[in-house]
Amino acid sequence: MPKVKIYVDMLSQPSRAVLLFCRLNKIDIEVNMIHLDHGDHYQQENLLMNPLAQVPWMDDDGFILAESHSIMRYLAATKKGVPDHWYPSNQQRRARVNSALDWELSTLRRGCTELVLSKVLGPIYGISVPDKTEKYSREILKKSLGLLEDYWLNGPGRFIAGECAPTIADLSLVCELKQLDLMDVEERSEIVDKYKRVQKWMAEVEQELGPHFEDVHKVHYVVAARAQAGREEMPESERHARQSILECLTPA
């Protein structure tokens, strides 16, 4: 059987979730890097495969599929050897996992993505973001973290929706929250530190996933460190700090 082709950008949190799932389950894949900052997703050959022009997407022997949640559901259902806990065959447990994934898209993801855009990526790329976007995204994020703390992690198990082992929902949500590493350390702490159950869950998921988690986040960690270093520079060095981050985003 041919390898499953996975198209990802390592700075994309949904891309990292799919890649993590494949590595954890030893799915035979061919990784293709799509650099969003270079517009690779708009190249003609990529648009022919994926007109949605978003990462990740996959090609399984000619079957093209986009959207990270759908990709992980498909791989869990079709690839041999994937343990049941990732996407439970019990329909009620599976429904809860699906519910968490659907909830993430309009809440946690929106809050994280728009806040990081406002505070970090917008200034780096010279994108003007209205002040109300930052305020609104911060409110969404805090409300989402509260629901994650009091609802999604308030079950009999340690993981999302009360599961006793991680599911694809845990992969997706933890990769989403890791995006906040790009923010100023103190500002991130002000947002996240009060949610003790969320912090404990994140630490347990990272520990459960082992070295694969660290490996998939290598580029992310470098960019986060450079972003933090850039904020600590004197104002006259701001242009050089931004350039340092952009160099990390540029493929070798």
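Couple of notes before you dig in:
- Dipole moment magnitude, nearest 20 debye, segment 4-82 about Cα centre, only Lys, Arg, Asp, Glu C-beta charged: 460 debye
- For the chain, a crude dipole built from +1 on the beta carbon of Lys and Arg and -1 on the beta carbon of Asp and Glu, taken about the Cα centre, is about 700 debye to the nearest 20.
- A simple rule links phi to the HN-Hα coupling: the Karplus curve 6.51 cos²θ - 1.76 cosθ + 1.60 with θ = phi - 60°, which for segment 29-35 gives 10, 10, 8, 10, 7, 10, 8 Hz, with x for Gly and Pro.
- Straight-distance crosslink candidates among aspartates and glutamates, where the alpha carbon sits under 16 Å from LYS3 and sequence neighbours closer than 8 are dropped: ASP28, GLU30, ASP59, ASP60, ASP61
- Set LYS26/LYS135; LYS80/LYS143; LYS80/LYS178; LYS5/LYS194 screened for pairs whose C-alpha atoms are more than 32 Å apart: LYS26/LYS135; LYS80/LYS143; LYS5/LYS194
- Label zone at ASN90, where the point sits 7 Å out along the Cα-to-Cβ direction: segment 136-178 residues whose backbone N lies under 18 Å: 152-170
- Mean separation of Cα contacts under 8 Å (6+ apart) over length of the chain, as relative contact order %: 19 percent
- Rounded to the nearest 5, the antiparallel percentage of DSSP beta bridges internal to the chain is 60%.
- For segment 11-17, putting each phi into the Karplus relation 6.51 cos²θ - 1.76 cosθ + 1.60 with θ = phi - 60° gives couplings of 8, 9, 5, x, 4, 5, 5 Hz, in residue order, rounded to whole numbers and with x for Gly and Pro.
- Under 5 Å between amide hydrogens, built in the peptide plane, is the criterion, and for ASN32 it picks out ILE6, TYR7, VAL8 among residues at least 5 positions away or on other chains.
- Across the chain, the volume of the C-alpha convex hull divided among the residues equals 131 Å³ per residue.
- Taking other residues whose beta carbon is less than 13 angstrom from the beta carbon of ASP150, and scoring Lys, Arg as +1 and Asp, Glu as -1, yields +4.
A short reminder: the numbers here are calculations on the coordinates, not readings from a lab. All figures in this text were calculated on a predicted structure; none of them were measured in a lab. In this analysis, Cβ positions are derived from the backbone assuming ideal geometry, glycine residues included, and neighbour counts consider all displayed protein chains.
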